[in-house]
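Beneath this line is the structure, given in structure tokens, with notes to follow.
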Amino acid sequence: MKVSIGADHGGFRLKNELKEFIASLGHEVKDFGPDSADSVDYPDYALPVCESVLSGEADRGILICGTGIGMTIAANKVPGIRCALVHDSFSAKATREHNDSNVLAMGERVVGPGLAQDIVALWLETAFSQGERHAKRVGKIKALEDKYALHP
Ligand code: RB5
């Protein structure tokens, strides 16, 4: 798969570590920055990663900040993005099966590097459940976007 990754200063180190890990799993990784640990604003890095997923340039996106929360809030403002904030293995698998999440967010100040790798591996390898009920619910999220997203 093609995987986009981005961070802010709070997630800079984990982003770089995960980049290597994701490549070692055989995926193609595109790094949307930042290139240093200088202070930056997480929405500026969430958007290009989300746009790369929407355009099809990437199959999935991964966003890291200090808590993962700012990245999650920003990403979920982008219609078509279903960003899951995940800090445990169970949720990594469940959000792919149930929510068809296309962006994963984590907090470098929350999760250790070993668990972060497990989460990423599970999240990348898990398919969306074929169950009709999950597709119906994701369809209802799309309906919310259609109702409230005024600008494409
Ligand atoms: C940066 O200090 C921090 O606020 C940011 O990385 C993130 O945790 C925001 O949600």
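When Tyr42, Tyr148 are arranged by Cβ crowding within 10 Å, least crowded first, meaning fewest neighbours, the order is Tyr148, Tyr42. Rounded to the nearest 500, the helix-only mean residue ellipticity at 222 nm of the chain stands at -15500 deg cm²/dmol, with each DSSP H run of n ≥ 4 adding -39,500 (n - 2.57).
Each residue of segment 72-82 is assigned a 3J(HN,Hα), and the resulting list reads 5, 4, 5, 4, 6, 7, 8, x, x, 8, 10 Hz, derived from the Karplus form 6.51 cos²θ - 1.76 cosθ + 1.60 (θ = phi - 60°), x at Gly and Pro.
Based on C-alpha pairs under 8 angstrom that are at least 6 apart in sequence, the chain has a relative contact order of 24 percent. Principal axis extents of the Cα atoms in the chain, from largest to smallest and rounded to whole angstrom, are 40, 31, 26.
Using only side-chain charges placed at the Cβ, +1 for Lys and Arg and -1 for Asp and Glu, the dipole size of the chain relative to its Cα centre rounds to 660 debye.
The stretch between Ala127 and Ser55 holds 23.9 nm of extra length on full extension. This uses 0.36 nm per residue minus the Cα-Cα distance. Computed on the Cα atoms alone, the convex hull of segment 1-84 gives a volume of 76 cubic angstrom per residue. Of the beta bridges in segment 1-104, as assigned by DSSP with both residues counted there, near 0 percent are antiparallel. Of Phe32, Phe128, the sequence from fewest to most neighbouring Cβ atoms within 10 angstrom is Phe128, Phe32. Helix 132-148 and the longest principal axis of the Cα set of the chain meet at an angle near 80°.
Here are some pairs, Lys15/Lys93; Lys15/Lys136; Lys2/Lys140; Lys19/Lys136; which of them have Cα atoms lying more than 30 Å apart in this structure? Checking Cα-Cα distances, Lys15/Lys136; Lys19/Lys136 exceed 30 Å.
We did not get these values from a lab; they are worked out from the coordinates using the rules stated. These figures come from a predicted structure and were not determined experimentally. Here the Cβ is made from the backbone with ideal geometry for all residues, glycine too, and neighbour counts use every protein chain on show.
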